[in-house]
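Throughout, read-outs are computed from the coordinates displayed, never taken from laboratory work. The structure displayed is predicted, hence computed values, not measured ones. Ideal geometry is used to build each Cβ from the backbone, glycine not excepted, and the neighbour counts take in all protein chains shown.
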Amino acid sequence: MADVSVAKPTPSEFVRGALYGLAAVSIWATWVVAVRFGVRTSLTPWDITAIRFAVAGAILLPYVLKKGLAVDRLGGTGLAAILCGGGAPMVLMAYGGLLFAPSAHAASLYTALIPLYVAILAVFVLGEPFTRARRIGLFAIVLGVLGIVWGAGGTIGTSQNTGHAMFICAGRLWAGYTVALRRARIGALHAAAIAAVGSMIAYLPVHFVLFGPSLFAADWRDLVVQGAVHGILVAVVSLLCIGRAVRLLGASNGSAFASLAPAITALLAIPILGEWPAAIDWAAMGLISIGVYIASGGPFPGRLAR
C-alpha cells in the first residue's frame with residue numbers, strides 16, 4: 001500500500017480546491033439534464049457516449065501523443081482504472097441507468113455517493129485516514145442522499161433498481177479513476193486525455209458496428225449541444241477541475257464536492273424549469289452541504305477537526 005495521503009490543507013489550499021471542486025460539480029449538474037434532453041430526440045445514451053468521446057478524444061489526442069500513456073507511473077492496474085473510470089465503461093453505466101431510473105436518482109446514487117466510494121477505496125490504496133470528521137461528513141451525505149431518493153419516489157423491487165445498480169457501478173468506476181490519478185500523481189488533464197483518447201479508439205468502432213452511421217441522421221443542433229456539454233465541458237473541463245481539487249485536497253477530500261450535484265441540480269431547476277424542491281429536498285440538501293464541508297477538510301474548530 002502506497003502512502004500518498006496529504007496533510008490537512010491550509011485555508012488557502014482549501015479555498016482553491018473548493019473552487020475547483022465546485023466548478024466541476026456545477027458542470028456535472030448539467031450532464032443529467034443534457035442526457036435526458038438528448039434521449040427525447042433521436043439520440044440514445046450510446047449515441048451520446050460516442051459524441052462525448054469523439055469530441056473529447058479529438059481535442060485531447062495531441063496531448064496524449066505528446067505525453068504518452070504514463071504506464072510507468074500508472075502501471076497496468078492504474079491505466080485500466082483511468083480508462084474504465086473516466087472512459088466509456090463508466091459513462092455507459094451512468095447514461096444507461098437513466099433508461100430505468102429518474103435523473104434525481106442518478107444525481108444521488110452516482111454523483112453524490114462518489115465521496116463514499118472514494119473514501120473507502122482510498123483507505124486501502126492510498127492510506128488516507130478515515131478520520132472522525134470524514135466519517136461524520138459522509139454519514140450526513142448518505143442521509144441526505146437517501147432523503148432525495150425517497151422524496152423522488154425510489155422503490156425496491158421495480159425496474160428502477162436496474163438503474164440504481166448501474167449508477168452505483170458507475171460511481172465505483174469513477175472512484176477507481178480518482179484514486180489512480182492521486183496515486184500516480186499525474187496531471188488532471190493528462191488523465192482526462194488518456195481516458196478520452198482510449199475510449200475514442202476503443203468505443204467508436206464498436207458503436208459504428210452495432211448501430212451503423214445513425215449519428216449522421218440526427219439533427220445537427222442536437223449533435224452540437226451534446227458535443228459541447230459532454231465532449232468539452234464534462235469530459236475535459238470538469239475532469240481538469242476535479243483533478244486539480246484532488247491534487248490540492250487529496251482523493252477523499254477533493255471528491256467530496258461531487259455530493260453537491262443534487263443540490264445544484266435542484267437549485268438550477270428553480271429558474272430554468274420552475275420546479276421548487278419539496279421540504280424533504282431542502283432538508284436533504286442542507287445535510288449534504290454540511291457533510292461536504294466537513295468531509296472535504298474545511299476549517300472546523302475544536303476536537304472534531306483533530
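In order along region 42-56, the phi-based Karplus estimate (6.51 cos²θ - 1.76 cosθ + 1.60, θ = phi - 60°) of 3J(HN,Hα) comes to 7, 7, 10, x, 6, 5, 5, 4, 4, 4, 4, 8, 5, 6, 5 Hz; Gly and Pro are listed as x. For the peptides 166-177, 119-130, the ranking by mean Cβ contacts within 10 Å, running from highest to lowest, is 166-177, 119-130.
How would you classify region 11-295 from its alpha-carbon gyration tensor, with a ≥ b ≥ c the square roots of the eigenvalues: rounded for a/c under 1.5, else prolate if a/b is greater than b/c, otherwise oblate? Could the numbers behind the result be given before it?
Details: a/c = 1.69, a/b = 1.09, b/c = 1.55.
Since a/c reaches 1.5 but b/c is at least a/b, the shape of region 11-295 is classed as oblate.
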